[in-house]
Every structure is written in structure tokens, then in C-alpha cells.
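J.: The structure under discussion is supplied below as C-alpha cells; questions concerning it will follow.
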Amino acid sequence: MQIKPRSYPYPVLSHFGDDVIDSVFQPVVTVAGVKNAYSFSAIFKTNNSDLLQLVGKKAAKYAVHVECVQTRYRNIFTSEEERFAFEIPSGMLDGRVEVCSFILAAKPLDKYRNANFHHDYAKLTFRIGKGDTLAVGHDREFTAEKKDDPLRKIPSIFSIVPSEDPNAPGMDIDTSGAKVVVKLSKTNFDAYAALKADQSLHPLLSASIFVPALVSVIDEVRRAAAESATDSYADRRWFTVVSRKLKEHGIDASNPDDFADSSLRIAHDLVGQPLNECLQNQQKTLEENE
């Protein structure tokens, strides 16, 4: 969401209008990449005493709206403190991310006025609804680059293909080659091919296809470790990649004692917990539809 110069039905403190004079609103939002997340730090400054008073009385609040077009992520973070911080999982953001800052009404204001209203509004009061904008800052945007996203590494060892068998199960797996071949029934493969073009659905595909396949792979590695047979997998590229990822999580692929957790938990850890993102995206979609 980008806030472009516009006219509100009531006076709003903004950088593109003079509804509220002799006043400034200067929000500063910085973002930094941390492990598996983006960390946001917000600092809000205004010299408008009436707005400061409303925030102090919890009748208004500071807000940061974050939106990513590529992943369809949208959320608003609010606080009554002029400094606050929040994090967004890196899987939620990809590409251009828009960040907007506001002061919003925290409750209805039946007779809102401000001592710094432009003289055209000096004698007027306005009815403000909860969540309405009282001040708006400059937009900013940044590019979220998922260079360290584990979802871009693990799927590289998988090859998703349609099964030629008309009686094929919905999903099957073959680990005998350099890549893990995941065979989908014709109906499922057609659906997969259509859905993978939408970036926002990648967590869903990871949770429903890659994670179950990876669970099967980890089970096979676990059995090989128990039988001291991991050397026989050395020529399979998928085993090299999985072994390296397991080592990053403190698991030696050749040591059966290192596999303390279930294969399901290990699989989710290796690909960055896609189920969390999948369920949150679906919940947001449901809420928007409602």
C-alpha cells in the first residue's frame, strides 16, 4: 500500500497537505535482516501537542503498515510508544516491500479538533472512527532478498514429475538417482504446475509436497545410519545436500544417535517451518474474504 497525496474528509497531518499547520510528523522505520526474519525498528516524532496528548490518553496510536505484493503479505503493527520494534519471518516477504507510517485513532472521537488546524477548519470539529488516519508519513520501500531461504536449497534436490500410471497414487517417491523423484498423479501434477506460478502459494506446496517427501528421505538416511550403510549413498547428490543441511542443524548423517527428534520435526526444521507460514497465509486470506 502506497499513500499518495489525497484529500481526507477531515484534516490530517501530512507532508503533502496543509490541513494541520506548524506541525510535523516524522516517522523513521529501519529494517535489517536477521536469521530467518526481517527486524523492523520504528521511531515516531511529532511536535503536534494535541496528537501527542491523544496518544498519551490511548485515544490514538502509532502504526506501521507493511505490504508485500509478491507474497500478498499485509499486516499493521501498532504501539502507544514512540519507539517500538517487530519482526516478520523472512518467508513472508520477497521482492518489493512497501512500508507506511501513521498515527491512527485508537477509538472513536466524536468531536475531534486540533489547535493547529488550518484556519479554514479552526472552528470545526470532526467525527473520527476507530482506525482512521490522523497523521501520515512518507512512504518507503525496500527489497526483501531471500538469499538464505532454506526453501530455495532443499527443493533443488527434488524433481516433481507426473506419473504415467493411470492408477498411480496421489504421490510416490524414488530415491535411487541423483535427485529425489517425486511422482504425482496426473491430476495432482496439473494442480501443482498451476499453483507453483504463484509465489504466495509456495509455503503451501512446501508443506504438502516437499515436507512429506523430505520426511521419507530422512527416514531412509536414518535407516542407513543405523545399518552403517551411508557410504553407499555417497554418489547420490540429494544425499550430499541433505547431509550438509543436517550437519548445519547438529546432526551427523552417519551417526544414528544424532537422530533424536522425529523425521517430521527434522524435515520442518530443514525447510524453515513452512507449515507456519502456510497456515498464517490461509488465515489472512480467510479473514480478508470475510
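The values are calculated or read from the model by the stated rules, or taken from the named source; none is laboratory data. This is a predicted model, so every value here is computed, not measured. Note: ideal-geometry Cβ built from the backbone for every residue, glycine included; neighbour counts use all protein chains shown. Heads up: the accessible areas ignore ligands, DNA and RNA and are worked out on the full protein's heavy atoms, side chains in. Shrake-Rupley method; radii C 1.70, N 1.55, O 1.52, S 1.80 Å.
J.: Using the structure shown, list the pairs from Lys196/Lys245; Lys35/Lys130; Lys35/Lys183; Lys35/Lys179 with a Cα-Cα distance above 31 Å, or answer none.
T.: Details: Lys196/Lys245 24 Å; Lys35/Lys130 36 Å; Lys35/Lys183 33 Å; Lys35/Lys179 28 Å.
From Lys196/Lys245; Lys35/Lys130; Lys35/Lys183; Lys35/Lys179, over 31 Å: Lys35/Lys130; Lys35/Lys183.
J.: Something else: Would you work out the charge dipole size for the chain about its Cα centre, treating the Cβ of every Lys and Arg as +1 and the Cβ of every Asp and Glu as -1, and quote it to the nearest 20 debye?
T.: Numbers: 35 positive and 40 negative charges, 162 e Å.
Here the size comes out at about 780 debye.
J.: Hey, another quick one. Let me know the charge dipole size of the range 144-289 about its Cα centre in debye, to the nearest 20, where only the beta-carbon of Lys, Arg (+1) and Asp, Glu (-1) is charged. Mind dumping the intermediate values first?
T.: Working: 17 positive and 23 negative charges, 66 e Å.
Computed about the Cα centre, the dipole is about 320 debye.
J.: Then there's this: Highest first, please rank the peptides 97-106, 84-93, 169-178 by the mean number of other Cβ atoms sitting within 10 Å of their residues. Please list the in-between numbers first.
T.: On the way: 97-106: 21.4, 84-93: 19.1, 169-178: 13.4.
For the peptides 97-106, 84-93, 169-178, the packing ranking is 97-106, 84-93, 169-178.
J.: Follow-up. By accessible area of protein heavy atoms, probe 1.4 Å, what ranking do Lys284, Lys247, Lys57, Lys196 get, highest first? Don't skip to the end; give the middle numbers.
T.: On the way: Lys284 45, Lys247 160, Lys57 125, Lys196 105 Å².
Heavy-atom accessible area, descending, gives Lys247, Lys57, Lys196, Lys284.
J.: With a 1.4 Å probe and all protein chains left in place, how much accessible area per residue does the chain have, in Å²? If you can, show how the numbers build up before the last one.
T.: Working: 15690 Å² over 290 residues.
Ligands and nucleic acids excluded, the result is 54 Å² per residue.
J.: Calculate how steeply helix 211-226 sits against the longest principal axis of the alpha-carbon atoms of the chain, using the helix alpha-carbon long axis, and give the answer as 0 to 90 degrees to the nearest 10.
T.: For helix 211-226, the angle is close to 40 degrees.
J.: For the range 214-290 and the range 57-115, what is the separation of their C-alpha centers, rounded to whole Å?
T.: Here the answer is 36 Å between Cα centres.
J.: Take peptides 208-217, 127-136, 25-34 and line them up by average Cβ neighbours within 10 Å, highest first, as a rough protection proxy. Let's see the in-between values first.
T.: Values: 208-217: 20.3, 127-136: 18.3, 25-34: 15.7.
The peptides rank, most packed first, as 208-217, 127-136, 25-34.
J.: Also: Looking at the range 204-271, which GluC sites (Glu not before Pro) are in a loop (DSSP not H, G, I, E or B) and have at most 14 other Cβ atoms within 10 Å?
T.: Numbers: sites: Glu220, Glu227, Glu248; in loops: Glu227.
Here the sparse-neighbourhood loop sites are Glu227.
J.: Here is a further query. Carbon and sulfur together cover what percent of the accessible area of the range 61-117 at a 1.4 Å probe radius?
T.: Working: 1080 of 2580 Å².
On the range 61-117, the fraction of accessible area on carbon and sulfur atoms equals 42 percent.
J.: How far is helix 274-289 tilted, in degrees, relative to the longest principal axis of the Cα atoms in the chain, given as a value from 0 to 90 rounded to the nearest 10?
T.: It works out to around 40 degrees.
J.: While we're looking at this one, here's another question. With unit charges on the beta carbon (Lys/Arg positive, Asp/Glu negative), name the residue among Ile43, His249, Ala225 whose Cα is farthest towards the positive pole of the charge dipole of the chain.
T.: The residue sitting farthest along the positive end of the dipole is Ile43.
J.: So what's the angle, to the nearest 10 degrees on a 0 to 90 scale, between helix 186-195 and the longest Cα principal axis of the chain?
T.: 30
J.: Another one. Using only the alpha carbons, work out the radius of gyration and Dmax of the chain in angstrom.
T.: Rg, Dmax (Cα atoms, Å): 25.9, 85.
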